[in-house]
Amino acid sequence: MKKTKLFLILLILAFRATSAFAQTKGQITGTLTGTSGKPVAYATITVFEAKDTSIITYRLSDEQGRFKIPGLSLKVSLRAVITAIGHSVWRREFTLTPESSLLDLGTIKMETDMQEMEEVLVVAEMPPVVVRKDTIEFNASAFKTLPTALVEDL
């Protein structure tokens, strides 16, 4: 009889501990689409603590634009920041509670953000001297010599 009561007490305590642990974490979910309605694949969803902007976690959206971020703390002010190439940054602050530990952000329409650059020039210069292990290479065009100069003059 005593063993049965002890077993029941332990079982009740284990159940309460399990249910209390299950309520200590929350998650956010959602789907990302562009202005054309196509999914935004491989966007970065980062979750920060709102008070000091320290990163808690981050995930990437899948090929259909869906994402799920589990394991978020409850009763803490958080900020979600979503970034994707060619799209404007999306931000939202939220707080998860034991009563509402799942936040479904629904379908998020990411605005297109393209900027056209005027002109890009790529200029490269060879160094005059390169040392590679036991070899020294000289770039002859980096030195001024007379047209009739010999290799020794270089």
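Mind putting a number on the dipole of the range 101-154 about its Cα centre? Charges go on the C-beta only, +1 for Lys and Arg and -1 for Asp and Glu, and I need it in Debye to the nearest 20. Don't skip to the answer; put the middle values down first.
On the way: 4 positive and 11 negative charges, 64 e Å.
The dipole of the range 101-154 has a size of about 300 debye.
Give me the 1.4 Å probe accessible area per residue for the range 91-154, excluding ligands and nucleic acids, in Å².
Working: 6160 Å² over 64 residues.
The answer is 96 Å² per residue.
Under a Cβ-only charge scheme (Lys and Arg +1, Asp and Glu -1), can you give me the dipole magnitude of the range 40-154 about the Cα centre, in debye to the nearest 20?
Working: 12 positive and 17 negative charges, 148 e Å.
For this selection, approximately 700 debye.
Lys/Arg Cβ at +1, Asp/Glu Cβ at -1, dipole of the range 81-154 taken about the Cα centre: which of Leu102, Met126, Ile136 is farthest positive-ward?
Checking the options against the dipole of the range 81-154, the answer is Leu102.
Put one equal scatterer on each alpha carbon of the range 58-153, apply the Debye formula with no solvent term, and list log10 I(q)/I(0) at q = 0.16 1/Å to two decimals.
Values, matching the q order: -0.85.
Roughly how many debye, to the nearest 20, is the charge dipole of the range 29-86 about its Cα centre, given +1 on each Lys and Arg Cβ, -1 on each Asp and Glu Cβ, and no other charges? Walk me through the intermediate numbers first.
Values: 7 positive and 4 negative charges, 28 e Å.
Rounded to the nearest 20 debye, it is 140 debye.
Across 10 Å bins from 0, what is the distribution of all Cα-Cα pair distances for the range 93-136, in whole percents?
Percent of Cα pairs in each bin: 14, 18, 13, 13, 15, 17, 9, 0.
I'd like the FRET efficiency for Thr33 and Val122, computed as 1/(1 + (r/R0)^6) with the beta carbon distance as r and R0 of 35 Å, rounded to 0.05.
Working: r = 35 Å, r/R0 = 1.01.
The computed FRET efficiency comes out at 0.50.
The values are calculated or read from the model by the stated rules, or taken from the named source; none is laboratory data. It should be emphasised that the depicted structure is a prediction, and the values quoted were computed from it without experimental measurement. Counting neighbours? That spans all protein chains shown, and the Cβs are built from the backbone with ideal geometry, glycine included. Areas reflect the complete protein model, heavy atoms only, side chains present, ligands, DNA and RNA absent. Shrake-Rupley method; radii C 1.70, N 1.55, O 1.52, S 1.80 Å.
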